[in-house]
Amino acid sequence: GVTRLLLTRIPFFKEIIVSSFSCDSCSWSNTEIQSAGRIQEQGVRYALAVTSRQDMNREVVKTDCATARIPELDFEIPAFSQKGVLTTIEGLIDRAVAGLEQDQPLRRATDQEVARKIDEFIVKLRQLKEGNSPFTLIIDDPSGNSFVENPHAPRRDEALAVTRYRRTPQQAALLGLEVDAKPPDAAEDLRDEVLQFNTNCPECNAPASTNMKVVQIPHFKEVIIMATNCDSCGHRTNEVKSGGAIEPQGTRITLRITDPSDMTRDILKSETCSVEIPELEFELGMGALGGKFTTLEGLLKDIRDLVERNPFTLGDSSTPSRTGKLQEFLGKLQEVNGKTKAHFIMDDPAGNSYLQNVYAPEEDPELRVERYERTFEQNEDLGLNDMKTEGYEPEDASGR
């Protein structure tokens, strides 16, 4: 036979993979669906009050790990008893009826009483499709990837109740997820939340709010991203700080720009990092531009904006000779986009800067990372020379 795959997106839901199999020899066909995304952070429970024939046409995505129930009939489709399906509520009932009728001939020959009760139940299921008697359909999916259509979207559907919940350890184990026996840590919960605190706008001093989020950079460490937005004057600013301690050694990162794709590499520039481009005889001192988490292209754009907006370089206070040199420098900086080969060097004595290795975890042939011992002057700039972490108690403290 032939299996066809289709990647499609359900409006107001997510992407799914629809697989359809058909056999030309026996004309058997089958359709299944799989979620194209990952298992969601929380499980989901849909409770729909079916009151009309029109409700039977609502689209339903039922994954293989979801449970479907109709409390009025005390009927339940257990998890993993059916493959995932994209259908309607009527199709879901037809699928349940087909599953019950499958072994009826054998039951009539072996146990007529059970077969008779199942026939009566099948009649009740088919009567539900007529829409004369209202009932409730409940779909409970611990993976969070099932779906019941809301025909009034994006408005709220009064007949449909959607509840998100935290999975139990048993449900997580059923999905093949690792179960952490440790109690949840309050600090770990904060990592998934955006914290907000009140402050004043640095431009107009009006009350504003600052959002703060802890982000894990792959193959590096945690950073803290802070963004301030002022509703009064529209001023926006963002800043990135390292979420860890100062490293024992400084870091010097050298990237040889050889291709336009290098401009899309992620960069974390801490406030203690200096930037150098030897081909342009350019150096950006420590503290300029502050901490940033952006791409190489974004950082070069920020450098260009920093030069253009300085009134002493290209403004009324600048001299013609200086203006000409800076215009020439900006032209060369504009050409650093992978077509013009250049070296991009980041020197961070604190060791808290990062440049993406696109070959990770393998070694990047264009990227060189060097560790070095800090000088006394660098430790002085970081405030490490006067920092005492051991034996800082006064000598007479023990006698008190």
> Label points 7 Å out from Cα along the Cβ direction at Arg95 and Thr163: separation in nm?
Replying inline: 2.3 nm
>> Just to confirm a number: summing +1 for Lys and Arg and -1 for Asp and Glu over residues other than Ala96 whose beta-carbon lies under 13 angstrom from that of Ala96, what do you get?
In response: +2
> On full extension of the chain, what length is gained from Phe329 through Lys129, given 0.36 nm per residue of separation minus the C-alpha to C-alpha distance?
Replying inline: 64.6 nm
> Hey, in the chain, which Cys have no second cysteine's beta-carbon closer than 4.7 Å?
Replying inline: Cys23, Cys26, Cys65, Cys273
> What does the charge count near Ile138 come to, summing +1 for each Lys or Arg and -1 for each Asp or Glu among other residues with Cβ under 11 Å from its Cβ?
Replying inline: -2
> Using θ = phi - 60° and the Karplus form 6.51 cos²θ - 1.76 cosθ + 1.60, what ³J(HN,Hα) does each residue of the range 134-143 get, whole Hz, x for Gly and Pro?
Replying inline: x, 8, 10, 9, 10, 10, 10, 10, x, 7
> Taking the Cβ-Cβ separation of Ile138 and Glu32 as r and a Förster radius of 22 Å, what is the calculated FRET efficiency to the nearest 0.05?
Replying inline: 0.50
> Once semi-axes √(5λ) of the Cα gyration tensor in Å is worked out from the coordinates, which option in (1) 61, 27, 23; (2) 46, 33, 21; (3) 38, 28, 20 does it equal?
Replying inline: (1)
>> Net charge around Arg252, counting only other residues with Cβ within less than 11 Å of its Cβ (Lys, Arg = +1; Asp, Glu = -1)?
In response: -2
>> Full-extension gain between Leu175 and Asp231, please, as 0.36 nm times their residue separation minus the C-alpha to C-alpha distance.
In response: 15.7 nm
>> Angle check, please: helix 112-128 long axis (alpha carbons) against the longest principal axis of the chain (alpha carbons), in degrees 0 to 90, nearest 10.
In response: 60 degrees
> In nm, to one decimal, how far is the Glu193 label point from the Thr258 one, both placed 7 Å along Cα→Cβ?
Replying inline: 4.8 nm
>> Angle check, please: helix 296-308 long axis (alpha carbons) against the longest principal axis of the chain (alpha carbons), in degrees 0 to 90, nearest 10.
In response: 40 degrees
> Peptides 195-205, 288-298: what's the order by average Cβ count within 10 Å, highest mean first?
Replying inline: 288-298, 195-205
> What FRET efficiency, computed as 1/(1 + (r/R0)^6) with R0 = 41 Å and r the Cβ-Cβ distance, is obtained for Leu384 and Lys213, rounded to the nearest 0.05?
Replying inline: 0.90
> How far is the Cα center of the range 333-355 from the Cα center of the range 247-264, in Å?
Replying inline: 5 Å
> In terms of modelled amide H atoms, which long-range or inter-chain residues lie less than 5 Å from the amide H of Arg265?
Replying inline: Leu296, Glu297
>> What FRET efficiency comes out for Phe282 versus Gln42 if R0 is 35 angstrom and r is the Cβ-Cβ distance? Round to the nearest 0.05.
In response: 0.10
> Projected onto the charge dipole of the range 53-211 (+1 at Lys/Arg Cβ, -1 at Asp/Glu Cβ, origin at the Cα centre), which of Gly176, Ala161, Pro134 gives the Cα projection farthest towards the positive end?
Replying inline: Pro134
>> Over the chain, with a Gaussian network built from C-alpha contacts below 10 Å, which listed residue (Glu120, Glu247, Glu59) shows the highest mean-square fluctuation?
In response: Glu120
> What lysines sit close enough to Lys325 to cross-link, taking a C-alpha to C-alpha distance under 26 Å and skipping anything fewer than 8 places away on the same chain?
Replying inline: Lys301, Lys339, Lys341
>> Cut-off 10 angstrom, C-alpha nodes, Gaussian network model of the chain. Which of Thr87, Thr163, Thr389 fluctuates the most?
In response: Thr389
> Which order, highest average first, do 264-276, 107-119, 130-142, 342-354 follow once you tally other Cβ atoms within 10 Å for each residue and take the mean per peptide?
Replying inline: 342-354, 264-276, 130-142, 107-119
> On a 0 to 90 degree scale, rounded to 10, what angle separates helix 89-101 from the longest Cα axis of the chain?
Replying inline: 50 degrees
>> Report the gain in length on full extension from Phe121 to Glu366: 0.36 nm times residue separation, minus Cα-Cα distance, nm rounded to one decimal.
In response: 81.3 nm
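No value in this document is a laboratory result; all are computed from the given coordinates. As the structure is a computational prediction, the values presented were derived from the model and not from experiment. A quick note on method: Cβ atoms are made from the backbone with ideal geometry, for glycine too, and the neighbour counts reach across all protein chains shown.
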